Amino acid sequence: MIALDASALLCFMFQEEGTERVSKYLTDACLSTVNLSEVIGCFTRDGHDADTVISNICSTAIQIIPFDETQATIAARIQPATQSQGLSLGGRACLSLAISKEIPALTADKIWQSADLNVEVILVR
């Protein structure tokens, strides 16, 4: 299993460079509800219907994982270690999901690799 960052899922959905790499992981992937909101927001900003977007995502094998107290605590605890990289709550939500489940995180955000965290970060490009 792998934790998808919004950037990785958007890379796949927009068929950007790295799509092939993301597609390898989609049958065994999970996505935080925080990252789900980020993805839906990108589409609704461009005029797409939120219900259609969420329906399309939920029709895949991707497991949607609620952002819970454990993940919220981890996201807060890693803020000092990720502050210099400028990681947003969305980035820290994905990392906290990966840390809590002890799985790698998949992202298009190269800066994540410079964070000193106990989690494997896989880049899509």
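Read the figures in this text as sums done on the coordinates, not as results from a lab. All values derive from a computational prediction rather than experimental measurement. In this analysis, Cβ positions are derived from the backbone assuming ideal geometry, glycine residues included, and neighbour counts consider all displayed protein chains.
Candidates in region 24-65 are the residues that are surrounded by 13 or more Cβ atoms within 10 Å (Cβ to Cβ) and small (Gly, Ala, Ser); of these, the one that is farthest from the chain's Cα centre (by Cα) is GLY41. Screening ILE122 with (1) free of Cβ contacts under 8 Å to residues at least 60 places away in the same chain; (2) touching a Leu at 6+ places or on another chain (Cβ under 7 Å) gives one miss only, at (1). The set of residues in region 80-93 being without any contact (Cβ under 8 Å) to a residue 24 or more places away in the chain and under 16 Å from the mean Cα position of the chain (by Cα) consists of SER88, ARG92. For ARG77, the conditions (1) without any contact (Cβ under 8 Å) to a residue 40 or more places away in the chain; (2) among the basic types (Lys, Arg); (3) under 14 Å from SER32 (Cβ atoms) are fulfilled apart from (3).
Which condition does SER7 not pass, out of (1) out of contact with any strand residue (DSSP E or B) (no Cβ under 6 Å at 6 or more places or on another chain); (2) outside any loop (DSSP other than H, G, I, E, B); (3) over 12 Å from GLN63 (Cα atoms), if it passes all the others? SER7 satisfies all of (1) out of contact with any strand residue (DSSP E or B) (no Cβ under 6 Å at 6 or more places or on another chain); (2) outside any loop (DSSP other than H, G, I, E, B); (3) over 12 Å from GLN63 (Cα atoms) except (1).
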